[in-house]
Amino acid sequence: MLASVDVDYRPDATVAACVTFKDWEDEAEAAHFVDRGPPAEPYVPGEFYRRELPALLRVLARVPDALSAVVIDGYVWLAGEERPGLGAHLYEALGRQVPVIGVAKTSFHASRLAIPVLRGASQRPLLVTAVGVDAQAAAACIQRMHGPSRLPALLKRVDRLCREA
């Protein structure tokens, strides 16, 4: 099972959502899960992962199926493998057992490993990083995901679940 996850911050809570799907080309989700937890920790420069990681782990714990990959909204590596991003921290927290693919919508100035992926008619690439799987293969998977626009349909779905929960 594949999963896409996202987090939304509220004054009184952190909402994490997860959409699962069987194949990269799937048009519809297999299932979804939402977790409403305590407010996020304050932002500390260079430690963004501390805000999102607890919420992601809570929502992923609700998934009953074994996962073959997790897609996050953001970076796995920030500036090379010496500077881990949220995805690398998630990979470690999952015991290095589940590959993590980061899909970022905006460029991080020091990112050297991100692979640009153009989708739909957009000329603005998604930026893909990965751990536990070849980055080029991960980028090809994101390219194949269903949906005519820049952002794949199931990634839009998980974002919407977070914001509307």
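The values are calculated or read from the model by the stated rules, or taken from the named source; none is laboratory data. Everything numeric in this text was worked out from a predicted model, so none of it was measured. As a convention, Cβ positions derive from the backbone with ideal geometry for all residues, glycine included, and neighbour counts pool all protein chains shown.
Regarding ARG51, is this residue assigned to a helix (DSSP H, G or I) and farther than 20 Å from ILE142 by Cβ? Answer is yes for this residue. Got a sec? Which of ALA79, ALA165, ALA135 is touching an Asp or Glu at 6+ places or on another chain (Cβ under 9 Å) and among the small types (Gly, Ala, Ser)? Checking each option against the conditions leaves just ALA165.
Considered as a group, the residues in region 98-133 that are assigned to a strand (DSSP E or B) and touching a residue at least 40 places away in the same chain (Cβ under 8 Å) include one that is farthest from GLY85 (Cα to Cα), and that residue is LEU127. Just one of the listed residues (ARG96, ARG83, ARG112) is at pLDDT 90 or above and basic (Lys, Arg), namely ARG96.
VAL63 falls short on exactly one of the conditions (1) within 16 Å of PHE21 (Cα to Cα); (2) assigned to a strand (DSSP E or B), and that condition is (2). Within region 1-25, the set of residues being surrounded by fewer than 17 Cβ atoms within 10 Å (Cβ to Cβ), assigned to a loop (DSSP other than H, G, I, E, B) and either of a type in the set (Ser, Thr, Tyr) or touching a residue at least 24 places away in the same chain (Cβ under 8 Å) (or both) comprises MET1, ARG10, PRO11, ASP12, ALA13, GLU25.
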